[in-house]
Amino acid sequence: MSFYTRKLKSLCEWHRVLHINTKEFSISIAMAKSKYEYVRTFELEDKCLQNCWIVVRLDGRSFHRFTSAHKFEKPNDKRALELMNRSAAAVMEEFRDVSLAYGQSDEYSFILRKNTDLYNRRQSKIMSAINSTFSASYVYYWNTYFEDKKLLYPPSFDARIVLYPSDQNLRDYLSWRQADTHINNLYNTAFWGLILTKGLSNNEAEKILCGTVSSEKNEILFKECDTNYNNELPMYRKGTVLVRKLVNIPPSKSKKHIICPLHVDIIGDSFWEEYDEILSLKDLKLNKDFKPDETFYLVKRS
């Protein structure tokens, strides 16, 4: 047998083996797909519209019962609000495309960058991931803020996603939530002030406040409860906005990515001018005015 004949025979044998292996591989793939796989066709393609701000809002489910069972302070429990803030910060640590979060009472709104491609912008994946991370963090950090109180049962939160196509739409949404914070907190402060200070019943306090406007509630607080509403903690009156900052924390010389809770007005322009990178989608710039004694959460994930 000549050299070329042997080479040709070897080449034919190699092709035969390759054909057999390819056939077996194809069969194995076909076998991997069971007859039940058709059920995947029932799944919905629930992508969020492109170029829109994605807002995920969480709201405590049956929290009136939860706060009563755990004897939260009225009208505001500082530790409970700080726990909400820490849980929201955990969400921002996990999902870097959440550029801003705003919370008050038992609710939190998470703003995802309008150009995010998180989970391919699938609503169900984004909503469930953020909700579960927040809920799990609430339980995880409970003992940090309530060392003297046992968690009697796990809390739960409902969630929804809303899309806002313009920057102004987004600002109006956040303005609505902060205005709602003021309205609700002023009423609750006056309501519980009448009950705790004057010894009124719930019905009696409701009757006094029924039909009153903000100025009248302020007057009731001042005259009847010896309380100046403007002296209440900004966290109670304005809620909490979580922002990202890039800072230097001594003695380290490297830049650190942190999340800071602020209790400021977000309805006017000042906040948006100071944190212009939120709407412009720019990278974080070094914040030289940061003071290490401020409250912040260090982002450890890269």
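The values are calculated or read from the model by the stated rules, or taken from the named source; none is laboratory data. Because the structure is predicted, anything quoted here is derived from the model rather than measured. Note that we place each Cβ from the backbone using ideal geometry, even for glycine, and neighbour counts take in every protein chain shown. Accessible surface is based on the protein model in full, side chains and every heavy atom, while ligands, DNA and RNA are left aside. Shrake-Rupley method; radii C 1.70, N 1.55, O 1.52, S 1.80 Å.
The table for this structure:
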| quantity | calculated |
| --- | --- |
| Carbon plus sulfur fraction of accessible area for the chain, probe 1.4 Å, in percent | 53 |
| DSSP-defined beta bridges in the chain - what % are antiparallel, rounded to 5 | 95 |
| Selection from Leu200, Asn231, Ser215, by position along the positive dipole direction of the chain (Cβ) | Asn231 |
| Inter-label distance for Asn188 and Leu49, nm, one decimal - labels placed 7 Å from Cα along Cα-to-Cβ | 3.3 |
| Choice from Lys285, Lys78, Lys114 showing the highest fluctuation, given a GNM over the chain with Cα pairs closer than 10 Å | Lys285 |
| Span from the region 128-206 Cα centroid across to the region 31-98 one, whole angstrom | 14 |
| Within-11-Å neighbourhood charge of Ile161 [Cβ basis; K, R +1; D, E -1] | +4 |
| Calculated FRET efficiency for the pair Leu281/Lys125, C-beta based, R₀ 22 Å, to 0.05 | 0.50 |
